[in-house]
Structures are given as structure tokens and as C-alpha cells.
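*Asks:* One structure follows; several queries about it will come next.
Values in this text are rule-based calculations from the coordinates and carry no lab data. Predicted model only: the values in this text are computed from it and were never measured. Note: ideal-geometry Cβ built from the backbone for every residue, glycine included; neighbour counts use all protein chains shown.
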Amino acid sequence: NAGVMQNPRHLVRRRGQEARLRCSPMKGHSHVYWYRQLPEEGLKFMVYLQKENIIDESGMPKERFSAEFPKEGPSILRIQQVVRGDSAAYFCASSPFVGQNSGANVLTFGAGSRLTVL
Amino acid sequence: AQKITQTQPGMFVQEKEAVTLDCTYDTSDQSYGLFWYKQPSSGEMIFLIYQGSYDEQNATEGRYSLNFQKARKSANLVISASQLGDSAMYFCAMREGDRGSNYKLTFGKGTLLTVNP
């Protein structure tokens, strides 16, 4: 009964390279969310996706960041031309549904991917 | 203004004692939800407890209870009978607005709890 699976757990990139972070939601969950945790901070919402659709990307930086959740395979958070300020832990979460009857809508988080930009 | 404020960067407690972690929130919405998550040193985020703004009873989950004081806008986490495995960062989070947007959580900066043997 695997939870939310994220890989890689740790990723080191040099400035200007690309980072790709993957997330497989819990079985039965069709909603995926990405959050970022900067050092000494709480998590901040980035994007909400369903299969093949971006529902809310209000927390995504306007440039260099993109996310997808294809029909088949994991969700991917892509950061192009990384800079030192992108160094953070990136968490993926999933939930089974969103809606009026899901007041708690508990998000199940993965263990995070820690990106270090040299 | 901070939406979620956790004023205790670090807390210490003796094993088997109870501890309260503070959380105050700021929202003008009538409908909102409050969450607590635990982040051990391994890094994952573990859901502990949830309180809806319209819930009249304080939420409880095993050794965790949420002391919800709506008028004071506080949602403190109480851990009873602390165990060494409770040592971790604890984050308070809020979901504002109607349940259709209940995926967007605002987190506080966290409190590092250390349980001493």
C-alpha cells in the first residue's frame, strides 16, 4: 500500500541545468499538488493538477517552472535553468477528491525531493 | 501579515509529559480548516489532525488534540504522554474559503519539538 512516491530524493544541479522531479500519487488518488519548502520556512503551494490538466498554478513562478500530470506515468515538476534560489525541498501531495463533501481533504504528502543548486 | 503564526521556534518536553504547540491564524473567511502536520528528520510530512471552522468539538486523534479557540483565532496542538518518537518539526496549516479550494494550504514556519528521555 505505497504512499506518495517521489524521486529522486536528492538532486544536485549546477546553475543553468534542468531539474526534473517526479511524483506518483497514492493508489486511487487522482489529484496531485506540488509544494515548495525553502530553508527555515513552511511549505508553499505551487500547483494543482489532475490527469492531463493544470487546475491551479497560482503559486508557480512565472518563468522556468512547469508541471504536468500525463495520462500515463507520474507527475513531473520541471525547473529549467536552475538558480541557487531554487534550492529547496519540493513536496508532492495527492488526494482522492476535492469538493463540497471533502472538508478535510487531507493531503497525503510524499517524502520530498531535495534540490541543491551549486 | 502572517496568515499562520507559530511563535515557538523550539520546544523541549520530558518523555511522558504533555506539551502544547501554539498556532494562531488570520483569516476573514467564515469557512476554513486547520491542520497539523509532523515532519520528522527523515523529511516526510505526516498528517496529524484536522479542525473545521464549524466543528463545535475540539478534534482529537489518539494522543493528539487540537485546542480550538475560534474567538482568539488559535489552534494549538496538544500532545499527551510525549514519546521520544514525537521529536520532530510540527507545522500548523490553514485552508481558507469553501471546500472547493481545500487543497491550498498555508503553512506556518514550524516548531521543532525535542522530547528528552
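*Asks:* Give me the aspartates and glutamates in straight-line cross-link reach of A:LYS71: C-alpha distance below 13 Å, same-chain residues under 8 apart excluded.
*Replies:* Partners found: A:GLU52.
*Asks:* Further question on the same structure: Return A:ILE79, B:ILE46 ranked ascending by Cβ neighbour count within 10 Å, so the fewest neighbours appear first.
*Replies:* Listed from fewest to most nearby Cβ atoms, that is B:ILE46, A:ILE79.
*Asks:* Filter the trypsin sites (Lys or Arg not before Pro) in the stretch B:13-97 down to the DSSP loop ones having no more than 16 other Cβ atoms within 10 Å, then list what survives.
*Replies:* Listed in order of number, the matching sites are B:LYS16, B:ARG63, B:LYS70, B:ARG72, B:LYS73.
*Asks:* Round to the nearest 0.05 the FRET efficiency obtained for A:ARG14 and A:ARG78 when R0 = 22 Å and r is the Cβ-Cβ distance.
*Replies:* The pair A:ARG14/A:ARG78 has a calculated efficiency of 0.85.
*Asks:* For chain A, what does the relative contact order come out to in percent, with C-alpha contacts under 8 Å and a separation of six or more?
*Replies:* Here the relative contact order equals 36 percent.
*Asks:* Could you tell me whether the stretch B:1-106 comes out rounded, prolate or oblate from its Cα gyration tensor? Rule is a ≥ b ≥ c as square roots of the eigenvalues, rounded for a/c under 1.5, then prolate if a/b exceeds b/c, otherwise oblate.
*Replies:* It comes out prolate by the Cα gyration axes.
*Asks:* Then there's this: Arrange the following residues from fewest to most other Cβ atoms within 10 Å of their Cβ: B:VAL78, B:VAL115, A:VAL83.
*Replies:* Result, fewest neighbours first: A:VAL83, B:VAL78, B:VAL115.
*Asks:* Across chain A, where is the longest run that never hits trypsin sites (Lys or Arg not before Pro) in a DSSP loop with at most 15 other C-beta atoms within 10 Å?
*Replies:* A:72-118
*Asks:* Give the relative contact order (percent, whole number) for the stretch B:40-106; include only Cα pairs under 8 Å separated by 6+ residues.
*Replies:* Answer for the stretch B:40-106 is 21 percent.
*Asks:* What lysines could a cross-link reach from A:LYS44, if we take a straight Cα to Cα line under 18 Å and drop same-chain neighbours fewer than 8 places away?
*Replies:* A:LYS62, B:LYS3, B:LYS38, B:LYS104, B:LYS109
*Asks:* May I ask for the distance between the Cα centers of the stretch A:3-31 and the stretch B:28-93, given as a whole number of Å?
*Replies:* Taking the Cα centre of each part, the stretch A:3-31 and the stretch B:28-93 sit 27 Å apart.
*Asks:* Quick one: order B:TYR32, B:TYR54, B:TYR64 by neighbouring beta-carbon count within 10 Å, fewest to most.
*Replies:* If I rank by nearby Cβ atoms, fewest first, I get B:TYR54, B:TYR64, B:TYR32.
*Asks:* Run the simple label-point estimate for B:PHE12 and A:SER87 please: 7 Å along Cα→C-beta, distance reported in nm.
*Replies:* 3.0
*Asks:* Compute the distance from the alpha-carbon center of the stretch B:1-18 to that of the stretch A:59-82, in whole Å.
*Replies:* Taking the Cα centre of the stretch A:59-82 as reference, the centre of the stretch B:1-18 is 34 Å away.
*Asks:* Test of the criteria: in the stretch B:43-117, which GluC sites (Glu not before Pro) are in a DSSP loop and have at most 13 other Cβ atoms within 10 angstrom of their Cβ?
*Replies:* Qualifying residues, ordered by number: B:GLU56.
*Asks:* In addition: Give the residue list of GluC sites (Glu not before Pro) in the stretch A:9-118 that are DSSP loop and have at most 11 other beta-carbon atoms within 10 angstrom.
*Replies:* A:GLU18, A:GLU40, A:GLU52, A:GLU63, A:GLU72
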